[in-house]
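First up is the structure itself, then whatever we jot down about it.
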Amino acid sequence: MTHNIAVIGGDGIGPEVTAEAIKVVRAAGVDIATTDFDLGGARYLRDGEILSDEVLAELRAFDCILLGAVGTPEVPPGLIERGLLLKMRFELDLYINQRPFVGTAPGGDTPHDFVVIRENTEGPYVGEGGVLRRGTPLEVATQGSVNTRHGVERCIRYAFDLASSRPRKHLTLVHKTNVLAFSGNLWERTFNEVAADYADVATAYNHVDAACIYFVQDPHRYDVIVTDNLFGDILTDLGGAVSGGIGLASSANLNPARTGPSMFEPVHGSAPDIVGTGKANPTAAILSAALMLDFLEEGSAADRIRVACADPVTGSTTDVGDAIAARVGN
């Protein structure tokens with residue numbers, strides 16, 4: 001079976017690392033047909049386009065999207081992120097962000113293995129709010145957090161399903177219910193109600209500030225974590241830092257209902273300072289491609305890629321990709 005993959009190499013090192021990810025996927029014996037899309041900061045600087053409705057319609061026809069990285073120093077921060085990444089998340093209903101963390105925390109000697117499930121289409125990222133009297137001493141800025149029962153429940157159910165499929169069968173809700181009385185209460189009530197349908201899954205709750213401490217001091221306590229959009233954004237970067245570095249962190253933006261393509265991307269940025277030097281590590285992009293293969297029900301190939309990535313490889317971007325591809329092929 002051929003899987004049709006839209007490839008957005010993007011900016012900086014993005015095209016370099018996605019090329020290696022595609023190489024490894026093919027070495028794993030998976031039949032993919034790729035189509036490149038010229039999107040990102042460089043495209044915006046060239047002709048002012050970020051993501052047109054016409055291009056978005058084209059993307060809908062693919063099985064998955066593989067993204068490298070977007071953003072250039074010449075483009076104001078947030079413009080490409082909102083106009084490209086967030087637009088795809090909202091329009092393609094990529095309501096689950098899934099990030100696995102396997103590694104050893106600094107100063108630790110025992111590897112941990114946990115997954116963060118982040119609600120990906122609500123919270124502060126929907127853009128509710130505005131500015132009044134901009135640039136004056138009386139300026140007022142508001143930023144609302146949108147949380148719906150529908151959005152919260154489908155995220156929590158996905159997390160329970162995942163926890164139920166894992167050996168430890170444990171799920172932790174992370175929020176800030178002592179201060180965020182309205183959204184936190186919605187998350188907590190929904191979590192407890194859904195838990196009644198999963199008798200095999202043990203549950204826990206952590207305030208997000210406590211979770212930050214546990215990520216560093218005791219990450220082994222976690223199996224699966226579910227949390228809202230903003231807290232998940234922050235926690236998953238910390239998860240990368242305690243699991244070998246954010247440059248190794250993979251990510252899946254999922255539409256579990258499969259009403260559109262899901263998107264897979266490494267967490268690291270475009271790193272414009274090392275473009276073309278061969279210094280970019282493609283491992284995060286390769287592991288993101290493995291998550292893509294999981295979603296495409298190519299689990300055997302995905303597992304072989306993860307095994308091939310387990311031992312670090314040194315060398316240039318291409319050297320690392322070649323070495324991992326060789327391991328997978330063998």
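The table below lists the values:
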quantity	calculated
When residues of the range 53-72 are limited to those that are surrounded by 23 or more Cβ atoms within 10 Å (Cβ to Cβ) and part of a loop (DSSP other than H, G, I, E, B), the one nearest to the chain's Cα centre (by Cα)	70
Of all residues in the range 267-306 being outside any helix (DSSP H, G or I) and within 17 Å of the chain's Cα centre (by Cα), the one that is nearest to residue 12 (Cα to Cα)	270
Given (1) part of a loop (DSSP other than H, G, I, E, B); (2) within 18 Å of the chain's Cα centre (by Cα), number of the condition residue 156 does not satisfy	(1)
Residues that are touching a residue at least 24 places away in the same chain (Cβ under 8 Å), within 18 Å of the chain's Cα centre (by Cα) and in a helix (DSSP H, G or I), drawn from the range 216-245	229, 230, 231, 232, 233, 234, 235, 236, 237, 238, 239, 240
Which listed residue is buried (at least 17 other Cβ atoms within 10 Å of the Cβ), more than 24 Å from residue 244 (Cα to Cα) and free of Cβ contacts under 8 Å to residues at least 40 places away in the same chain, from 140, 75, 131, 146	75
Residue within the range 170-180 that is at pLDDT 95 or above, more than 19 Å from residue 114 (Cβ to Cβ), touching a Ser or Thr at 6+ places or on another chain (Cβ under 9 Å) and in a helix (DSSP H, G or I) present	no
Conditions (1) among the basic types (Lys, Arg); (2) touching a helix residue (DSSP H, G or I) at 6+ places or on another chain (Cβ under 8 Å); (3) outside any helix (DSSP H, G or I); (4) under 24 Å from residue 31 (Cα atoms): number failed by residue 258	(2)
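The values are calculated or read from the model by the stated rules, or taken from the named source; none is laboratory data. Worth saying up front: this structure is predicted, and the values here are computed from it rather than measured. Methodologically, a virtual Cβ is constructed for each residue, glycine included, from the backbone with ideal geometry; neighbour enumeration extends over all protein chains shown.
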